[in-house]
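No lab work stands behind these numbers, since they all come straight from the coordinates. Nothing here was measured: the structure is a model prediction, and the numbers come from that model. In this analysis, Cβ positions are derived from the backbone assuming ideal geometry, glycine residues included, and neighbour counts consider all displayed protein chains.
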Amino acid sequence: MTRLLAIDPGKEKCGYALLSGPGELLDHGIIPTKEFESQFAASLSEWNPELILLGNGTYSKKIELSLSPLLRGVPYKIVDEHDSTYRARKLYFQHHPPRGIWRFIPLGLQVPPVPYDDYAAMLLGLRYLETRDRAS
């Protein structure tokens, strides 16, 4: 099974999503940026990705520099993050639909109650898989 690790880097926190080749979500979460390098190094062998995608937005160069020595031969690509935050919010609400009175408020006016950087990473991975599949 192909495993793809997508990372949405940020100054304060980094979202990650581990996806299978068909786009099934295997793991996801948010790691404080200052702890990213140590947690990434500890999890890399467990995740065992065949490719790492790194978003090109905020703080990406800094994360790329810290990741490079840890990759142990795993290839990585820098991918476009254009419009990912807005779309990630939409993806978050697909996975966690509003309840109660919040159901009646348009999603465009709502902000998730928790950070959703992992959904931005998931979106980066899904976009990559979609464009890869279209190119095949």
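Results, tabulated for the structure shown:
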quantity: Helix 84-95 axis, angle to the chain major axis (alpha carbon atoms, nearest 10°); calculated: 70 degrees
quantity: Helix 33-47 vs. the chain, principal-axis angle (Cα, 0 to 90°, nearest 10); calculated: 70 degrees
quantity: Inter-label distance, nm, simple model (7 Å from Cα along the C-beta direction), residue 110/residue 87; calculated: 2.1 nm
quantity: Förster radius 22 Å - calculated FRET efficiency between residue 24 and residue 62 (Cβ-Cβ, nearest 0.05); calculated: 0.15
quantity: Fraction of antiparallel bridges per DSSP, the chain only, in percent to nearest 5; calculated: 60 percent
quantity: Of 27, 83, 117, the one that fluctuates the most in a GNM where the chain has Cα springs shorter than 10 Å; calculated: 83
quantity: Fully extended contour minus Cα-Cα distance, from residue 50 to residue 131, at 0.36 nm per residue; calculated: 27.4 nm
quantity: Values of log10 I(q)/I(0), in the order q = 0.17, 0.21, 0.24, 0.32 Å⁻¹, for region 84-125 under a Debye, Cα-only, solvent-free model; calculated: -0.42, -0.61, -0.77, -1.18
quantity: log10 of Debye I(q)/I(0), alpha-carbon scatterers only, for region 1-76 at 0.16, 0.26 Å⁻¹; calculated: -0.50, -1.38
quantity: Count of Lys pairs (Cα-Cα under 24 Å; at least 8 positions apart or interchain) in the chain; calculated: 15
quantity: Positive-pole candidate from 7, 30, 113, dipole of region 3-135, charges at beta carbon; calculated: 113
quantity: Region 92-136, dipole about Cα centre (Lys/Arg Cβ +1, Asp/Glu Cβ -1), debye to the nearest 20; calculated: 160 debye
quantity: Magnitude of the charge dipole, region 33-117, Cβ model with Lys/Arg +1 and Asp/Glu -1, debye to 20; calculated: 340 debye
quantity: Expected 222 nm ellipticity per residue - DSSP helices of 4 or more, -39500 (n - 2.57), all of the chain, to 500; calculated: -12500 deg cm²/dmol
quantity: Tilt relative to the chain, helix 117-135 - C-alpha long axis, 0 to 90 degrees, to 10; calculated: 70 degrees
quantity: Cα extents of the chain along the three principal axes, largest first (Å); calculated: 49, 38, 26
